[in-house]
Amino acid sequence: MKFTVAQIAQLLGGTVEGDGNKEVYTLGKIEEAKEGNISFLANLKYEPYLYTTEATAVIISRELELKKDVKATLIRVDDPYSSFTLLLEEYNKIINFQKEGVEDPSFMHGSAQHGSKIYRGAFSYIGANCKIGNNVKIYPNAYLGDGTVVGDNTIILAGAKVYPNTIIGSNCTIHAGAVVGSDGFGFAPQPDGSYKAIPQLGNVVLEDWVSIGANATIDCATMGSTIIRRGVKIDNLVQVAHNVEIGENTVIAAQSGVAGSTKIGRGCILAGQVGVIGHLQIADKTTIAAQAGVGKSIKKEGKILIGSPAFERDEYLKSYVVFKNLPDLDKRLKQLEEKVINLRSPDEHS
């Protein structure tokens, strides 16, 4: 799809320098862009490419003073990075929401309901009593179990599996291979040493604007709901266990795991490979660094945790200074021991 530079500038609230009638049809990095591409310059380290790029248009700051002539048409904005992000979002909507209709073979139960402008990809399955909103896109091989509710403008990508009675809000994205609503890990030990499965009778609730990454898993609750609040972004290969609640606008990076019944606050950041044990409370705006292991509740907002077991950043850094010097300290201790032994009287040596 093609747009003029002037149309894009209007979307971004920017001003055009050059030919606003030129057309662009895709995005590109400023150092690699070709004719028909639009790019941006936010990091001045890349400014030299502004004067050599083959891009048709480049988004730049209103404040940037040019050092040379520029071939590309410029769109001047207050914040090039934010403006390009907005452009990416709009481009993504066009790409993902242009599909409509039903591909064969696909299945929708007769009791299911759906809104307008939906897309059902080949081999997709929609079970009994499902309610699908407007402009929902369900890609090939996706599965929606009985009683699932999906809000408007949500995308469920290829091969995603949504278990029965899951509630998904509007403007959500569930990426390929994700599983939402699988059984929580609940097994009761028996006298003979075996384990008996505890039925998981609850569901999963995803509020609006939630993103679930590829091959991530959100377990259903034993009773009640596992709840992912509005605006949460979950990366690929993340495990969220039963009865967990994740607060608004929290982000969780790849390979992290949150054990059962833990409640994570709003605006938290869990970096890659973080592990959180069950039944904890994590305060709002907590940041947990990569590979940290959290074994106790965090009660104060805004803490930054590092290490396994995790503790506060400042204390961790102090401890790390000692830890990394342990080999040298051990060597010096042995030298001191030898000196003490050599200072002892001859009678003491005998």
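The table below gives the values:
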read-out: Subset of the range 46-78 (residues that are of a type in the set (Gly, Ala, Ser) and crowded, with 21+ Cβ neighbours inside 10 Å); value: 55, 57, 72
read-out: Breaking point among (1) of a type outside the set (S, T, N, Q); (2) within 23 Å of residue 217 (Cα to Cα); (3) touching a Gly at 6+ places or on another chain (Cβ under 9 Å), for residue 155; value: (3)
read-out: Number of the condition not met by residue 215 [criteria: (1) within 21 Å of residue 273 (Cα to Cα); (2) at pLDDT below 95]; value: (2)
read-out: Residues (part of a strand (DSSP E or B) and among the acidic types (Asp, Glu)) located in the range 34-76; value: none
read-out: Some residue of the range 79-97 being of a type outside the set (Lys, Arg), in a strand (DSSP E or B) and either surrounded by 13 or more Cβ atoms within 10 Å (Cβ to Cβ) or not assigned by TED's automatic domain parsing to the domain that holds residue 155 (or both); value: no
read-out: Residue selected from the range 16-45 under the condition surrounded by 14 or more Cβ atoms within 10 Å (Cβ to Cβ) and among the polar types (S, T, N, Q), by the criterion farthest from residue 79 (Cα to Cα); value: 37
read-out: Selection from the range 4-18 of residues that are of a type in the set (Gly, Ala, Ser) and in a helix (DSSP H, G or I); value: 6, 9
read-out: Filter result for residue 307 (in contact with a helix residue (DSSP H, G or I) (Cβ under 8 Å, 6 or more places away or on another chain) and either at pLDDT 95 or above or more than 24 Å from residue 172 (Cα to Cα) (or both)); value: yes
read-out: Residue count, the range 74-99 (criterion: without any contact (Cβ under 8 Å) to a residue 24 or more places away in the chain and polar (S, T, N, Q)); value: 4
read-out: Filter pass, residue 123 being of a type outside the set (Val, Ile, Thr), within 22 Å of residue 2 (Cβ to Cβ), without any contact (Cβ under 8 Å) to a residue 60 or more places away in the chain and in contact with a Pro (Cβ under 7 Å, 6 or more places away or on another chain); value: no
read-out: Number of positions in the range 317-346 that are in a helix (DSSP H, G or I), among the polar types (S, T, N, Q) and either closer than 24 Å to residue 289 by Cβ or in contact with a helix residue (DSSP H, G or I) (Cβ under 6 Å, 6 or more places away or on another chain) (or both); value: 1
read-out: Verdict on residue 158 being surrounded by fewer than 18 Cβ atoms within 10 Å (Cβ to Cβ), in the same structural domain as residue 236 (by TED's automatic domain parsing) and not hydroxyl-bearing (Ser, Thr, Tyr); value: yes
read-out: Matching option when the condition is under 20 Å from residue 243 (Cα atoms) and assigned to a strand (DSSP E or B), among 181, 147; value: 181
read-out: Wholly enclosed strands (runs of 3 or more DSSP E) of the range 190-306 bearing at least 3 residues free of Cβ contacts under 8 Å to residues at least 24 places away in the same chain and either in the same structural domain as residue 136 (by TED's automatic domain parsing) or closer than 26 Å to residue 133 by Cα (or both); value: 195-197, 304-306
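Matching residues to (1) closer than 20 Å to residue 261 by Cβ; (2) touching a strand residue (DSSP E or B) at 6+ places or on another chain (Cβ under 8 Å):
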position	(1), (2)
110	no, no
147	no, no
167	yes, yes
211	no, yes
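The values are calculated or read from the model by the stated rules, or taken from the named source; none is laboratory data. Just so it is clear, the structure is predicted and the values come from calculations on it, not from any experiment. Every residue, glycine as well, gets a Cβ built from its backbone with ideal geometry; the counts of neighbours run over all protein chains shown.
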